[in-house]
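The values are calculated or read from the model by the stated rules, or taken from the named source; none is laboratory data. Bear in mind that the values here come from a model prediction, so they are computed numbers and not experimental data. Cβ atoms come from the backbone with ideal geometry, glycine included; neighbour counts cover every protein chain shown.
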Amino acid sequence: MHREIHHWHSPRLDKNMEVAVYGHNGFALLMFPTAAADYLEYERFGVIEAMAPFIDAGKVKIFSINSINNESWLNPRMHPRHKAIRHQQFNGYVSEEVVPFIHTHCRGHTSIITTGASFGALHGANTLFRRPDLIDGCIAMSGCYDLKDYTDGYWDEDVYFNSPIDYLPNLNDAHQLDLLRAKKHIHFVSGQGNYEKPSSSEDIGRILASKGIPHEIDLWGADVNHDWPWWRKMLPHYLGGKF
């Protein structure tokens, strides 16, 4: 498997940010880490290895980025307003730095699908819904799509516009809706076992249905827990059967 590590000093985040790239061809899969983890998390927990057949066959090229969740919503020492500001800076890093890097690395415009598990699922879905002009779909695993679950009661405009469960019901921009309605790959998958919250996927599904946005809500069994062994199965399942 071809593997590269890239990094640059992000002007939006004012820090060095790494990106792990796996593969040589195919559509781009942009991976967001869980919780406060880093760009090598999916490699350490065997998800990259589980996807090796698709990577080596040139079906997908993976771009796994760093998180700054421990500098925003998961940092108990920060003021909530500063957390929101940092979160917005991360959004800018993804759309204005990572996305152009992906197109450059792929030597031209390429389809980008976001993915992630747990908090990474929220980031992946939110990136699609906020920027359907840049992102072509998502595979969101075991996520909660209500940012308020992470804000300890804090609420402001930046929380609202990064909490899909809140802003999607009020999304009425015709152009943005048309872009989302044209997507072929909006997948929300969750287990129904320990520490999973399948109702979150069902809630987002009802909102998308009300907006006429094609999507799939895929609930796995009561034995499927919020844990890596299942995410190692979920992602290859979608790459093998849906793409």
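Determine if region 71-84 includes at least one residue that is buried (at least 21 other Cβ atoms within 10 Å of the Cβ), among the hydroxyl-bearing types (Ser, Thr, Tyr), more than 30 Å from Trp155 (Cα to Cα) and modelled with pLDDT of 95 or more.
We begin by selecting, within region 71-84, every residue buried (at least 21 other Cβ atoms within 10 Å of the Cβ); these are 72-73, 83-84.
Subsequent filtering for residues that are among the hydroxyl-bearing types (Ser, Thr, Tyr) retains 72.
Checking the rest, the ones that are also more than 30 Å from Trp155 (Cα to Cα) come to none.
Checking region 71-84: not a single residue is buried (at least 21 other Cβ atoms within 10 Å of the Cβ), among the hydroxyl-bearing types (Ser, Thr, Tyr), more than 30 Å from Trp155 (Cα to Cα) and modelled with pLDDT of 95 or more.
Where residues in region 184-243 are among the charged types (D, E, K, R) and assigned to a strand (DSSP E or B), which of them is surrounded by the fewest Cβ atoms within 10 Å (Cβ to Cβ)? Don't jump to the end; show me each part of the working.
Step one: filter region 184-243 for residues among the charged types (D, E, K, R), giving 184, 196-197, 202-203, 206, 211, 216, 218, 223, 227, 232-233, 242.
Add one more test, that the residue is assigned to a strand (DSSP E or B), and what stays is 216, 218.
On the way: Glu216: 15, Asp218: 17.
Checking each candidate, the answer is Glu216.
Kindly indicate the residue of region 126-176 that is within 16 Å of the chain's Cα centre (by Cα) and among the charged types (D, E, K, R) and also nearest to Pro80 (Cα to Cα) among those meeting that condition.
Asp146
In region 93-112, is there at least one residue being of a type outside the set (D, E, K, R), under 17 Å from the mean Cα position of the chain (by Cα), surrounded by fewer than 21 Cβ atoms within 10 Å (Cβ to Cβ) and under 28 Å from Trp220 (Cα atoms)?
Yes - at least one qualifying residue is present in region 93-112.
Within the set of pairs 6+ apart or on separate chains, which have a first residue in region 168-186 that is in contact (Cβ under 8 Å) with a residue 40 or more places away in the chain and aromatic (Phe, Trp, Tyr), a second that is surrounded by fewer than 17 Cβ atoms within 10 Å (Cβ to Cβ) and part of a helix (DSSP H, G or I), and C-beta atoms under 9 Å apart?
none
In this structure, is Asp152 surrounded by fewer than 24 Cβ atoms within 10 Å (Cβ to Cβ), charged (D, E, K, R), at positive phi and touching a Phe, Trp or Tyr at 6+ places or on another chain (Cβ under 9 Å)?
On the way: surrounded by fewer than 24 Cβ atoms within 10 Å (Cβ to Cβ): yes; charged (D, E, K, R): yes; at positive phi: yes; touching a Phe, Trp or Tyr at 6+ places or on another chain (Cβ under 9 Å): yes.
Answer is yes for this residue.
Among what's in region 5-40 and is more than 14 Å from the chain's Cα centre (by Cα), outside any strand (DSSP E or B) and among the charged types (D, E, K, R), pick the residue that is surrounded by the fewest Cβ atoms within 10 Å (Cβ to Cβ).
Selected residue: Asp14.
Select, from Thr115, Thr110, the only residue that is of a type in the set (Ser, Thr, Tyr), touching a residue at least 12 places away in the same chain (Cβ under 8 Å) and assigned to a strand (DSSP E or B). I'd like the intermediate steps shown before the answer.
Values: Thr110 fails: assigned to a strand (DSSP E or B).
None of the other options fit; the residue is Thr115.
Just to be sure, is Asp149 of a type in the set (Asp, Glu) and either over 29 Å from Phe101 (Cα atoms) or free of Cβ contacts under 8 Å to residues at least 24 places away in the same chain (or both)?
Numbers: of a type in the set (Asp, Glu): yes; either over 29 Å from Phe101 (Cα atoms) or free of Cβ contacts under 8 Å to residues at least 24 places away in the same chain (or both): yes.
Spelling it out, Asp149 is indeed of a type in the set (Asp, Glu) and either over 29 Å from Phe101 (Cα atoms) or free of Cβ contacts under 8 Å to residues at least 24 places away in the same chain (or both).
Can you find even one residue in region 158-169 that is exposed (fewer than 13 other Cβ atoms within 10 Å of the Cβ), part of a loop (DSSP other than H, G, I, E, B) and on the phi < 0 side of the Ramachandran plot?
no
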